[in-house]
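Peer 1: Once you've had a glance at the structure underneath, I'll fire off some questions.
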Amino acid sequence: MSEEEKELIDVRMLGLKLPTDPRWVNLTEKSLQEILTDHAYCEQKATTSCISLIQGYPEKERMVKALAPIVTEEWGHFRMVLAELEKRGLKLGHQRKDQYVNELLKFQKKGGSSDDRLIEKLLTFALIEARSCERFRLLSLNLKEEHLKKFYHTFMVSEAGHYVLFIELAKHYGNEEQVKKRWQEYLSHEAEIIQNLQVRGDRIH
């Protein structure tokens with residue numbers, strides 16, 4: 001995917017079936033410390049998720065090679081958000097329960113083979129990256145502060161690449177048609193989760 005394609009990412013291109021409520025961006029501007037705190041922990045959890053995949057499936061050489069630099073990138077993003085908090089005289093708050101991610105995890109099929117479980121994890125991570133990309137795009141377009149718009153444009157481009165990578169890995173390690181079918185099931189379920197979640201400006205998801 002080229003840089004130009006990444007920059008044109010929207011809900012339709014990501015496959016998401018429900019756009020974020022437009023009120024969300026306005027709410028984030030009123031909760032800057034909280035949204036930056038939640039963002040920092042999202043990046044930290046993305047780092048540990050990639051590490052857990054490498055640790056759990058060391059024999060998947062293609063995946064290990066692809067995810068190793070993502071670990072460094074995600075941790076770098078965590079540090080970027082910390083620096084943004086510090087620059088503004090804000091403090092990193094406590095991590096809070098991520099209801100969105102927890103609902104996605106409940107949707108994962110249990111049991112099956114090791115590869116089956118890997119596909120479920122890869123699709124879950126792809127969906128988290130896709131929704132993060134969509135929301136970072138909204139921030140990059142609609143925040144009032146120019147610096148923050150550029151700040152979140154950087155994250156948007158990165159998440160787009162990660163989303164594509166996880167989908168490609170799922171197709172590589174699974175049956176492509178079955179993966180496509182399961183991905184559509186995930187997208188439909190994710191829309192239901194978004195529809196039922198309270199719109200909050202202190203959460204990335």
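Peer 1: Go through region 39-79 and count every residue that is of a type in the set (Lys, Arg) and under 18 Å from the mean Cα position of the chain (by Cα).
Peer 2: If we filter region 39-79 for residues that are of a type in the set (Lys, Arg), which is where we start, we get 45, 60, 62, 65, 79.
Applying the additional criterion that residues be under 18 Å from the mean Cα position of the chain (by Cα) yields 45, 79.
Within region 39-79, residues that are of a type in the set (Lys, Arg) and under 18 Å from the mean Cα position of the chain (by Cα) number 2.
Peer 1: Let me ask something else about it. I want to confirm something. Restricting to region 149-192 and keeping residues that are among the β-branched types (Val, Ile, Thr) and over 30 Å from Glu84 (Cα atoms), which single residue is surrounded by the fewest Cβ atoms within 10 Å (Cβ to Cβ)?
Peer 2: Val179
Peer 1: Please specify each residue of region 58-71 satisfying the condition of being assigned to a helix (DSSP H, G or I) and either in contact with a strand residue (DSSP E or B) (Cβ under 9 Å, 6 or more places away or on another chain) or surrounded by 11 or more Cβ atoms within 10 Å (Cβ to Cβ) (or both).
Peer 2: Within region 58-71, Arg62, Met63, Val64, Ala66, Leu67, Ala68, Ile70, Val71 qualify.
Peer 1: In this structure, does Phe125 turn out to be free of Cβ contacts under 8 Å to residues at least 60 places away in the same chain, part of a helix (DSSP H, G or I), touching a Ser or Thr at 6+ places or on another chain (Cβ under 7 Å) and buried (at least 16 other Cβ atoms within 10 Å of the Cβ)?
Peer 2: Criteria not met by Phe125.
Peer 1: Select, from Val157, Val179, the only residue that is at pLDDT below 95, in a helix (DSSP H, G or I) and of a type in the set (Val, Ile, Thr).
Peer 2: Sole residue among the options that is at pLDDT below 95, in a helix (DSSP H, G or I) and of a type in the set (Val, Ile, Thr): Val157.
Peer 1: Then there is this: Being within 26 Å of Glu176 (Cβ to Cβ) and basic (Lys, Arg) narrows it down to one residue among Lys91, Lys87, Lys17, Lys45; which is it?
Peer 2: Sole residue among the options that is within 26 Å of Glu176 (Cβ to Cβ) and basic (Lys, Arg): Lys17.
Peer 1: Consider Gln99 against the criteria (1) touching a residue at least 60 places away in the same chain (Cβ under 8 Å); (2) surrounded by fewer than 12 Cβ atoms within 10 Å (Cβ to Cβ): it satisfies all of them except one. Which criterion is unmet?
Peer 2: (2)
Peer 1: Which condition from (1) surrounded by fewer than 14 Cβ atoms within 10 Å (Cβ to Cβ); (2) more than 24 Å from Phe78 (Cβ to Cβ) is the one that Glu146 breaks?
Peer 2: Failed condition: (2).
Peer 1: Identify the residue in region 72-96 that is among the hydrophobic types (A, V, I, L, M, F, W, C) and part of a helix (DSSP H, G or I) and, among all such residues, is surrounded by the fewest Cβ atoms within 10 Å (Cβ to Cβ).
Peer 2: At the first step, the residues of region 72-96 found to be among the hydrophobic types (A, V, I, L, M, F, W, C) are 75, 78, 80-83, 85, 90, 92.
Adding the requirement that they be part of a helix (DSSP H, G or I) leaves 75, 78, 80-83, 85.
On the way: Trp75: 17, Phe78: 18, Met80: 16, Val81: 22, Leu82: 16, Ala83: 10, Leu85: 19.
Ranking the qualifying residues of region 72-96, first place goes to Ala83.
Peer 1: Please enumerate the residues belonging to region 12-44 that are surrounded by fewer than 16 Cβ atoms within 10 Å (Cβ to Cβ) and in a helix (DSSP H, G or I).
Peer 2: Arg12, Met13, Arg23, Asn26, Glu29, Gln33
Peer 1: Please verify whether Ser158 is of a type in the set (Ser, Thr, Tyr) and within 18 Å of Asp21 (Cα to Cα), treating the condition exactly as stated.
Peer 2: No, not satisfied.
Peer 1: Then there is this: Name the residue that is surrounded by the fewest Cβ atoms within 10 Å (Cβ to Cβ), counting only residues in region 102-114 that are farther than 21 Å from His162 by Cβ and either in contact (Cβ under 8 Å) with a residue 24 or more places away in the chain or not charged (D, E, K, R) (or both).
Peer 2: The qualifying residue surrounded by the fewest Cβ atoms within 10 Å (Cβ to Cβ) is Gly111.
Peer 1: Of the residues in region 99-141, how many are of a type outside the set (D, E, K, R) and out of contact with any helix residue (DSSP H, G or I) (no Cβ under 9 Å at 6 or more places or on another chain)? Step through it out loud before you land on a result.
Peer 2: Going through region 99-141, the residues of a type outside the set (D, E, K, R) turn out to be 99-102, 104-105, 107-108, 111-114, 118-119, 122-128, 130, 132-133, 136, 138-141.
Filter once more, so that each one left must be out of contact with any helix residue (DSSP H, G or I) (no Cβ under 9 Å at 6 or more places or on another chain): 102, 113.
The number of residues fulfilling the criteria is 2.
The values are calculated or read from the model by the stated rules, or taken from the named source; none is laboratory data. Model, not experiment: these values are computed from the prediction. Because the Cβ atoms are built from the backbone with ideal geometry, glycine has one as well, and the counts that use them run over all protein chains shown.
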